[in-house]
Structures are given as C-alpha cells and as structure tokens.
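Rule-based calculations on the coordinates, nothing more; no lab input. Bear in mind the structure is a predicted one, so any value in this text is a computation, not a measurement. With ideal geometry, Cβ positions are generated from the backbone for all residues, glycine too; neighbour counts draw on all protein chains shown.
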Amino acid sequence: MRDRGREEPLPPERLAGFSTRAIHEGDLAQSGIAEQPVAPPVWLTADYVYESLEHYTDVINERRPGFVYGRYGNPTHVALHNVLASLDAAEAAWSFASGMAAVHTAITTFAEKGDHVLAQQTLYGGTYGFLTKMAPRYGIEASFVEAEVDALASAIRPTTRLVVIEPLANPTFAVADVKGIAAVCAERGVPLLVDNTVATPYLLRPLELEGVSLVLHSTTKYIGGHSSLIGGSVAGNRAVIERIRHAAIEQGTTAGAFEAWLALMGVQTLGLRVERQCDNALTIARFLHDQPNVVDVGYSGLPEHRHHERARALFTGGRFGPMLSFTLAGGYEAAERMCDSLRLVRVGSSFGSLHSMVAQPATTSHRQFSKEDRAAAGITDGLIRFAVGGEDPDDLVADLAHALEKV
Ligand code: PLP
C-alpha cells in the first residue's frame, strides 16, 4: 500500500526567512495526540508530579531534562525561547515578567558590589531609574555617556563589567554607533548589552556583531505587539543564558506562562507589523519635516537626519524603525496642545501595539531623569514621542495636520 503519511517537517535550521521562523519556531509537538494544535497550548501549571522521587531529583538536579516548577520554565516558555533565540540569531533565550525584570536580572548577573556599569545617556527612563536608584543599593555604580565610540571608549573603567546601549534611543531615536561600540567592547573585553526593544530583531540582530553579549527586549512592546501583556526577554550564547536563567530563578523574575503564550502569539506577526509601522513612520516623518511649527524630526529614515547613513548601514530591509520624535517650537505648551488636539492618535503610556500613541517624555516616561541628565539626553519640553501604529497612513497624516493647526 502507498505510504500516505506526510513528509518529515523541515528541521529548524532549514527555516530561513524571518517571518517563517517567527511563525514556525514556536511549534511544539504535543505527545499523545495525532492532530497537532496550530496554536500551542498554554501550560498553566505551577508544578509537576513525577514517576518516582528519583525522577524528581534527577530533573531538579539537571541530570535529566524535564520540568520542575513554573519559575524554572515550562513548555510554553520553551516554545517562546525557541522563537526569540532564532529571531535574535542567538543560541538561547530566556523570558521575564517585564522588560524591567530582564534589565534587573541582566545587570545584576554581570555586575556586583564594587563594579561599574556604563550606559548610554539617552535611554529608557526605567533603565536610568534602575541604574541611578536601585543599582547603588547593590553597590553597583553607573555612569552615562554619549553612544559614540570615542566618548564611550574613554569612559570605560577597570571596574566596568557591562556597557548598556539602545540602538534607537528612547525617546529621541538617535542611532547609536552600535558597530563601533561593539568593536570597542570586544577589544576591551567588556560585555555589551543591547536593548533592542525599539529596533526589534526585524531591523537589527546585534548578536551578529562580535562584542555583543546579550540582547534585551521589553516584549511588552513589538514582540507582543498588541498592548496585551507585560514581559521581557534576553538572548545570547548558551553559557550566558545559563547564568541569566539561574539568576532569574533565584530572583523570581521569569515570565508568567500566560504572558509567555501571549508573546508567542504576538511574535508570529512581528515582521508584518513592523514593516507596516516603519513605512507609516517614514510617511509621517516626511510630512512633519515640511511643517513650519516643527523645528526638528527625530527619524533616521529622513536623508537630512544626522544618523541617516549610519542607520542605512545598520538596519536591514531599508527600513528605519517604527517610532519617531518631533520637536515643536512652542515648548511644553505647544506639546500639550498638540497631544490634546489629536483625535485618532491617543496620548498613551507605552508603545509597540498597532494603535498609534504620543507622549511628552520629559514629564512621563523620562521623568526619573535629573534636569541635567535630561538636557544631556536631548529630552526637551517640546519633544513629542510618536509610536506609529498600523493604521492607514492617510488617516494618521490627516490627524496630525489637524492637531498642528491648533498649535
Ligand atoms: N527597555 C525599553 C527601551 C523600554 O522602552 C521599556 C519600557 O518602556 C523597557 C525596557 C521596560 O520594559 P517593561 O515596561 O516591559 O518593564
């Protein structure tokens, strides 16, 4: 009789394209059923039972593979980690209860009492807050520097155990010299952590550069993609992720199973969404560039932007990111009037979903910055952060045009 069975599935290394991997790397075969689910089940169990005490002791002591307890990871986490590692060009990944949980565990894995962490001066306010308020309680000192090679190289100290950068700096979206900084870190033997939340693995895979040790995401944003979860992730080589995994288990920072599942669902459309959002962002940046009351547009896709050539060389697919900033001539009053005059785009606390959102970072996401550090980071009162969604571009431009008339 003819064998009517199907061909064997492709092995993971044969899944080449970005979206193919985003969709299929999370497929996990379910044992015991012939019909396999398209959406993998969410494993909402805190703990497991074993065939014997020996079975349990073997698993918990890592003498045999298996599952122990929710904080140690479950099959839903495994599926998510497979996708994230693949998209980030990493050997392994781990997921966290939030982006800040990932920041906390990553920094305290590399640095301890007496150590120094060097971070980019324009970066997410929560990371700045952790480095200036929490890290000193662990005896870790932080300092901040421009994300340019010369400035960074001269700020590395003998005690520097980690450098932290954001390729597309939240909230100005200046483009860091990622390649140059990675080369400096490789030469000086200092691990480099790249927070790739805004650029996403669709535009940039920092681990392909020598000198990058760890990539971090707030999966709350583009990985999840629908404002439906809070989560974080890191990816790197197997040895680094083993250290991170142990720290996450000790600190209790591992992602919840349901949030891991939501991230797993969301990441399947990462390429589709980010492509559309980048195209929308470029349309909006061009429109804003021509407006008389806009004094500056922070979008490296514009040929006039100071980092245009750097961004072209760094990001894949000829795209420049799903977020932009712009500065109004009239300072805070103008920013407030602008935000409140938008009718489709809403004032919002986060970014990364298909809903367009604006915010004035100086008084919100970056309120933790001291006045001096805010000025050094280029976060002025008239600066507006625009997280571009997936709406139709004409509707977004019409909304902006209406609001700018009111300013
Ligand atoms: N990193 C960046 C660049 C962020 O923008 C954020 C949050 O806005 C975080 C990390 C922290 O992530 P979460 O809010 O998921 O804790």
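Computed values, structure above
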quantity	calculated
Among beta bridges that DSSP assigns inside the chain, antiparallel share in %, nearest 5	60 percent
DSSP-defined antiparallel bridges as percent of all bridges, region 149-300, nearest 5	45 percent
Residues whose placed amide H lies under 5 Å from that of Val295, excluding near-sequence neighbours	Thr327, Leu328, Ala329
Separation of alpha-carbon centers, region 183-208 and region 242-320, rounded to whole Å	14 Å
Between region 334-388 and region 38-53, the Cα center-to-center distance that results, in Å	42 Å
Among Leu80, Tyr50, Ile284 the positive-end extreme of the charge dipole of the chain (Cβ point charges)	Tyr50
0 to 90° range, to nearest 10: angle between helix 99-110 axis and the chain longest Cα axis	70 degrees
Whole-Hz ³J(HN,Hα) from phi, Karplus 6.51 cos²θ - 1.76 cosθ + 1.60, for region 72-77, glycine and proline x	8, x, 9, x, 5, 4
Residues of type lysines that Lys113 reaches as a straight line, Cα spacing below 29 Å, ignoring anything fewer than 8 places off in the same chain	Lys133, Lys371
Rounded to whole Hz, the Karplus (6.51, -1.76, 1.60) HN-Hα couplings of region 368-378, x for glycine and proline	5, 5, 5, 4, 5, 5, 5, 5, 5, 7, x
Rh (Kirkwood; distinct C-alpha pairs) - region 66-185, Å	15.8 Å
Equivalent ellipsoid dimensions for region 1-156 as semi-axes, Å, which come from the Cα gyration tensor, largest first	40, 23, 13
Net dipole in debye of the chain [+1 Lys, Arg Cβ; -1 Asp, Glu Cβ; about Cα centre; nearest 20]	300 debye
Kirkwood hydrodynamic radius over Cα pairs of region 323-404, then Stokes diffusion coefficient at 4 °C and 1.567 mPa s, in µm²/s	100 µm²/s
The chain: angle of helix 270-289 to the longest principal axis, Cα-based, in degrees nearest 10	0 degrees
Sparsely packed trypsin sites (Lys or Arg not before Pro) within region 58-143, loop by DSSP, other Cβ within 10 Å at most 15	Arg63, Lys113
Kirkwood-type radius of region 156-292, with distances r between different C-alpha atoms, in Å	16.5 Å
³J(HN,Hα), Karplus 6.51/-1.76/1.60, whole Hz, each residue of region 355-365, x for Gly, Pro	8, 5, 9, 10, 7, 10, x, 4, 9, 10, 4
Of the GluC sites (Glu not before Pro) in region 232-315, those whose Cβ has at most 11 other Cβ within 10 Å and which sit in DSSP loop	Glu304
Placed amide H near Asp115: partners under 5 Å, 5+ positions off or other chain	Glu141
With Cα atoms, 0 to 90° folded angle of helix 393-406 axis to the chain main axis	40 degrees
Sites matching GluC sites (Glu not before Pro) across region 116-175 that sit in DSSP coil, with at most 15 neighbouring C-beta atoms within 10 Å	Glu148
Distance histogram for the chain (every C-alpha pair counted, 20 angstrom bins, percent rounded to whole numbers)	27, 55, 17, 1
